[in-house]
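Here's the structure, in structure tokens; my notes come after.
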Amino acid sequence: MSKKQDTGRGKYLLKNTAIFAIGNFGTKLISFVLVPLYTYALTAQEYGTVDLIAAIAFIAAPLLSLNIAEAVMRFSLDEDADQAQILSVGVGVCGVAIVVAALSLLIMWSIPAISEYAFHTYLYIVSSMASQIFLYNLRGREMLLQYSVGNILNTFLAASLNVVFLVVCDWGIKGYLLAYILAYTVTTVYALLQKPVRADFRQFSLNKKLAGEMIKYSVVLVPTALMWWIMSSLDKVMLSFMSGLAVAGLYAVSYKLPTIASTISTIFNQAWSYSAIREEDSTDRDDYSNTIYNGVVAVSLLVGAGLLLILRDFMKIYVAGEYYSAWEYTPPLIVGTVFLSIGTFVATPYTVHKDSLGYLKSGMMGAGTNVALNFALIPFFGAVGAAIATCISYVVTYIYRMADTRKYVKLNIMHGNHIAGFALLVISAVTVYLEGILSRLLPLAALIEILILFRKVWGGLLNGLLKKIKGRKKNALE
């Protein structure tokens, strides 16, 4: 690999990472900032209700649409992709799903906790489903800037409308749901109005062979989505029924800080998936992948350790007093999110090779672990037990993926620094529960040790940044 080629692959990855950062970090930041508003405008029980509805929608959308958005994105990345036909399949499946989704109203009316909001939940599900399909279409076309703008538009509208509906109008849960319904609808229209999308939409034509191939790819991801829902959301549903909506509301808030870690990884992993497809036939694929993997582990551990260090003090100012105790559930979730982030990177070869079964099998491993541990731990430890169950399920998924994806790419899984870093992260999570100065000093010591362990990574990043700055200055002078 020549230096020029190496620079080119680095620029491609950096460019895509920056574009995804614009959309993802901006949206997550707005969502993160909105949490104090929710904790002041909604009681813990009301927050538990909206989080339960969100959890239901999270799995209902891919189930009803056969997860066709994933196929729209992946098939659009192929060099010989017929974008009009791919979009037609996505829209066709979405249309059928919207009709079928009406039947879900009967189920939602039978659930006491959400029966009052059944119709709003239906609109929430179908609007989110439609916006995802059209946004993933933009992503598959590599219209990444438009995709990011769509995400920002969606979150900005949801945030603005939530302020109006919750604070000004005082509409409570219905106002919260209506804000997202309108935001998803406008985002769908935005994506549809993009010139190439609009042109292809007018050429609606279902290719049965292509539809079969796309559905065959995506339908395997439906149980995969279910497995991930079990790992990320089943604990909330179980807490709602076993410990009450108020506890579930607190637990939902405890997820917000770990979201920072998952957001950073999501940004990079989305960009890396494009690079991984390009790198599949490169001669130094494994070496390059290991270099990137080492950086992912380093950054994930650093972010996780940093969040654990500030956790207790941050929660005092971040949420209303009624929600402060939510910090107790957060340490295991932060540790789990670190392994989720790294495991998502490890799973990239599944996307490259269209290996839907790989996603399914790894998801089944994690989901099975999560269900068993939730039943075993929640009755004795409540929300803390749910958090531990989620953490362990992410670790199990990571380990399975590391072993399974070696048929595609060989990553260095026994790196001494990685093992030491994982141990330090767990120690830091445990010591956060201590009282007094030790609850701050020990996590700080763990953070410093992680910085030292991965000093070569930080040096490489700093060196690359300095070279980029020098290059810009040189170009400016010329």
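The values are calculated or read from the model by the stated rules, or taken from the named source; none is laboratory data. All of these numbers come straight from a predicted model, not from anything done at the bench. Here Cβ is always computed from backbone atoms with ideal geometry, including for glycine, and neighbour counts include all displayed protein chains.
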Report task. Check the range 123-144 and report whether any residue there is over 27 Å from Leu210 (Cα atoms), modelled with pLDDT of 90 or more and not in a loop (DSSP other than H, G, I, E, B). Result -> yes
Query - Residue list for the range 193-209, restricted to those being hydrophobic (A, V, I, L, M, F, W, C) and surrounded by 18 or more Cβ atoms within 10 Å (Cβ to Cβ) - result: Val197
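Among the residues that make up the range 271-286, is at least one of them in a helix (DSSP H, G or I) and at pLDDT 70 or above? Lay out the reasoning, then the answer.
Initially, the range 271-286 is screened for residues in a helix (DSSP H, G or I), giving 271-279, 285-286.
Cutting the leftovers down to at pLDDT 70 or above gives us 285-286.
Taking every residue of the range 271-286 in turn, at least one turns out to be in a helix (DSSP H, G or I) and at pLDDT 70 or above.
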Report task. Scan Leu245, Leu250, Leu221 and give me the residue that is buried (at least 19 other Cβ atoms within 10 Å of the Cβ), in contact with a helix residue (DSSP H, G or I) (Cβ under 6 Å, 6 or more places away or on another chain) and farther than 22 Å from Ile114 by Cα. Result -> Leu221
Query raised in the report: Going through the range 112-135 one residue at a time, which ones are crowded, with 17+ Cβ neighbours inside 10 Å and either hydrophobic (A, V, I, L, M, F, W, C) or touching a strand residue (DSSP E or B) at 6+ places or on another chain (Cβ under 9 Å) (or both)?
Result: Ala113, Ile114, Ala118, Leu123, Ile125, Val126, Met129, Ala130, Ile133, Phe134, Leu135
Query raised in the report: If you check Val384 against the conditions, is it in a helix (DSSP H, G or I), out of contact with any strand residue (DSSP E or B) (no Cβ under 6 Å at 6 or more places or on another chain), assigned by TED's automatic domain parsing to the domain that holds Ile342 and at pLDDT below 95?
Result: yes
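Inside the range 388-422, can you point out the residues that are polar (S, T, N, Q) and either at pLDDT 95 or above or touching a Gly at 6+ places or on another chain (Cβ under 6 Å) (or both)?
Thr390, Ser393, Thr397
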Query - Candidate set from the range 317-341 (those that are surrounded by fewer than 24 Cβ atoms within 10 Å (Cβ to Cβ) and among the β-branched types (Val, Ile, Thr)); member that is modelled with the lowest pLDDT - result: Val319
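For (1) over 16 Å from Arg198 (Cα atoms); (2) in contact (Cβ under 8 Å) with a residue 12 or more places away in the chain, each residue gets a yes or a no:
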site	(1), (2)
Ile107	yes, no
Tyr117	yes, yes
Ile133	no, yes
Leu145	yes, yes
Ser148	yes, yes
Requested in this report: Can you tell me which residue within the range 296-309, out of those that are within 22 Å of the chain's Cα centre (by Cα) and under 28 Å from Tyr40 (Cα atoms), is surrounded by the most Cβ atoms within 10 Å (Cβ to Cβ)?
Outcome: Gly304
Query raised in the report: List the pairs whose first member sits in the range 435-461 and is assigned by TED's automatic domain parsing to the domain that holds His415, whose second member is of a type in the set (Lys, Arg), and whose Cβ atoms are under 8 Å apart, counting only residues at least 6 apart or on separate chains?
Result: Ser439/Arg312
Report task. Restricting attention to helices (runs of 4 or more DSSP H) lying wholly within the range 29-105, give those where 2 or more residues are assigned by TED's automatic domain parsing to the domain that holds Arg139 and under 29 Å from Tyr251 (Cα atoms). Result -> 44-65
Report task. Find the helices (runs of 4 or more DSSP H) located wholly in the range 167-240 whose residues include 1 or more that are within 23 Å of the chain's Cα centre (by Cα), and list them. Result -> 172-192, 208-229
Report task. Return a yes/no flag: does the range 423-443 have any residue that is among the hydroxyl-bearing types (Ser, Thr, Tyr), at pLDDT below 90 and not in a helix (DSSP H, G or I). Result -> no
Query - Set Ser240, Ser148: member being among the polar types (S, T, N, Q) and outside the structural domain of Ser362 (by TED's automatic domain parsing) - result: Ser148
Requested in this report: Identify the single condition in (1) farther than 18 Å from Asn290 by Cβ; (2) in contact with a Ser or Thr (Cβ under 7 Å, 6 or more places away or on another chain) that Ser341 does not satisfy, given that it satisfies every other one.
Outcome: (1)
